[in-house]
Amino acid sequence: MRNVSLQTWFGHNAEKIIKNKGMTKRAVSEKCGIPYSTLNSMLKGYRAVTLDTVIALSEATGEAPSAFLPPQFKEQNQALADGSNRKEGVLTWKR
């Protein structure tokens with residue numbers, strides 16, 4: 001992954017998730033409210049991806065938002081994601 005940009009990695013990964021769900025890019029674009037041409041540009045790595053996009057794709061495909069993130073982000077933050085690093089008095093995000 002070192003020679004691949006994060007945008008390109010994201011696009012390949014998102015396309016794989018969409019295909020594995022038996023969905024089309026057009027169906028996902030309609031379901032999450034992102035114009036097809038915009039979604040396609042993101043998946044090709046031509047356009048930057050926002051957190052809003054990750055959440056919209058997550059909701060459209062039924063996958064967790066973390067499924068769309070590169071492995072290095074998951075590994076470093078797994079303790080936070082599974083709640084094992086909670087401290088008293090610290091606000092946590094609940095889905």
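Every number here is computed from the coordinates shown, using simple stated rules; none is lab data. This one's a predicted model, so the numbers in the text were calculated from it and none came from an experiment. Cβ coordinates were reconstructed from backbone atoms using ideal geometry, including for glycine residues, and neighbour counts include every protein chain displayed.
How far is it, in nm, from the label point at Glu30 to the one at Leu6 when both lie 7 Å from their Cα along the line to the Cβ?
Roughly 3.3 nm, to one decimal.
How many nm separate the modelled label positions at Lys19 and Leu51, each set 7 Å beyond the Cα in the direction of the Cβ?
3.1
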